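See structure below.
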Amino acid sequence: MDPQQYLQQIDATNFEASALATFERQYAQIPVYRQYVDIIGKAQPKSIQEIPFLPISFFKSHSVVQHEKAIEQTFLSSGTTQQLRSQHHISDLNWYNASLTLGFERVFGPVSDYIFIALLPSYLENGDSSLIYMVDQLIQKSGSALSGYYLSKPEAVEAVYQKTLSTGKKPFVFGVSYALLDLAEAGIELPEAFILETGGMKGRRQELSKVALHQILQAGFGVTQILSEYGMTELLSQAYCLQAQTFVCPPWMQIRIRDAYDPFQEVLFGQKGGINVIDLANQNSCAFIQTDDLGRLTPQGFLLEGRLEASDIRGCNQLVD
């Protein structure tokens, strides 16, 4: 199937049918998922509520990918050499290319309208990052030599910001939290920029709540809002937060909230619990992932509420209010 066409046709009317069809195929073709589903005895879901979600830790201990598929690229989660890092094996990068572009453009408009200024030093250091791949794609699709990575160079960021405004395009800053704080403290004001923070402090600074972090960045850069995203190595789609700490998914991605003490039971709407993600761009790995994040659904989207106890601290934008 064509990834772009498939994702574009997903909506609220056919999401459940698409999810059930994806489950049936992945149960048959992903050995570790089939083994897990058989062990818990949930091989015949009749509704979206009955689809089993694979614990995210399996991406550290097993190969989560369709059998007989050649691996095109493997993304690794952030971490140190002492930590076991998640591995997301990608057999067809066209799924990620379609998802990241369609997901970005449905929120922000054409990629070609922007110049991308990337401040992601820790991700570049780790290598094999899905976030770096995403930003690389946006930089290329922007069609401008001004787009690129600017590491520890406040003056260069300010210069490219001014040049971007002179071209009539919009400056878009992708920054890991501590790098954005460094830039804001250097006195660089970017009042007309889109600024998206991601990734936490990576041990470089004291952790702050997301509200406190955004307040500091808004004051430092002279902007009225700071953007954020919810994405991770194991997913090929992102949810974006534009206001009120509320994340909104693209039509092919859905958040479901489970009981933190019973992973097979969903909570009532609006209650806090563990986040399960359905990402229908994950056609060749696993589309149904039980994360270690806590959250709650709202009429507008979903809120992050921190991490489950005893789960690893990971760099996928988990700042706790």
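Using the number of other C-beta atoms within 10 angstrom as an exposure proxy, rank LEU268, LEU304, LEU138 with the fewest first.
LEU268, LEU138, LEU304
Once phi is turned into θ = phi - 60°, what whole-Hz ³J(HN,Hα) does the Karplus curve with 6.51, -1.76 and 1.60 give for every residue of the range 275-285, x standing for Gly and Pro?
Listing the rounded values in order: 8, 9, 10, 9, 10, 6, 6, 7, 6, 10, 10 Hz.
What's the center-to-center distance, using Cα atoms, between the range 62-115 and the range 181-259 in Å?
Between the Cα centre of the range 62-115 and that of the range 181-259, the gap is 19 Å.
Highest mean first, how do 118-125, 70-77 rank when packing is the count of other Cβ atoms within 10 Å averaged over residues?
Result, highest mean Cβ count within 10 Å first: 118-125, 70-77.
Okay, helix-only estimate at 222 nm for the chain: each DSSP H run of n ≥ 4 adds -39500 (n - 2.57), divide by all residues, round to 500 deg cm²/dmol; what do you get?
-10000 deg cm²/dmol
About the Cα centre, and with charges only on the beta carbon of Lys, Arg (+1) and Asp, Glu (-1), how big is the dipole of the range 95-230? Nearest 20 debye, please.
140 debye
Near the amide H of ILE115, under 5 Å away, which other amide H atoms are found, from residues 5 or more places off or on another chain, if H is placed in the peptide plane?
Amide H to amide H, under 5 Å and 5 or more residues apart or across chains, ILE115 pairs with LYS170, PHE172.
So, with +1 on the Cβ of K and R and -1 on the Cβ of D and E, and no other charges, what is the size of the charge dipole of the range 49-138 about its Cα centre, to the nearest 20 debye?
It comes to approximately 240 debye.
I'd like to know which of VAL64, SER18, ALA43 lies farthest towards the positive end of the charge dipole of the range 1-143, counting +1 on Cβ of Lys and Arg and -1 on Cβ of Asp and Glu.
Positive-most Cα among the choices belongs to ALA43.
Check GLN73: other-chain or 5+ apart residues with amide H under 5 Å from its amide H, H built from backbone geometry?
Result for GLN73 returns ILE90.
If you place +1 on the Cβ of every Lys and Arg, -1 on the Cβ of every Asp and Glu, and leave all else neutral, what size is the dipole of the chain about its Cα centre, to the nearest 20 Debye? Numbers along the way, then the final one.
Values: 23 positive and 34 negative charges, 12 e Å.
So the magnitude is around 60 debye.
Give the long-range amide H neighbours of LEU236: residues separated by 5 or more places, or on another chain, with amide H under 5 Å away, using H modelled in the peptide plane at 1.01 Å from N.
Here the answer is ASN282, since their amide H atoms fall under 5 Å of that of LEU236.
Quickly rank 13-25, 48-60 as a protection proxy: mean count of other C-beta atoms within 10 Å, highest first. Mind showing how you got there, number by number?
Values: 13-25: 15.4, 48-60: 18.8.
Going by the mean number of other Cβ atoms within 10 Å, highest first, we get 48-60, 13-25.
For the range 293-299, what does the Karplus curve 6.51 cos²θ - 1.76 cosθ + 1.60, with θ = phi - 60°, yield as ³J(HN,Hα) per residue in whole Hz, taken in order and with x for Gly and Pro?
These are the phi-based 3J(HN,Hα) values: 8, 10, x, 8, 8, 10, x Hz.
From the phi angles alone, apply the Karplus equation (6.51, -1.76, 1.60; θ = phi - 60°) to the range 63-70 and give each ³J(HN,Hα) in whole Hz, x where the residue is Gly or Pro.
8, 9, 6, 4, 5, 6, 9, 6
Every read-out reported here was derived from the displayed coordinates using simple, explicitly stated rules and does not represent laboratory data. Note that this is a predicted model, so its numbers are computed, not measured. Positions of Cβ are generated from backbone atoms using ideal geometry, with glycine treated the same way; all protein chains shown enter the neighbour counts.
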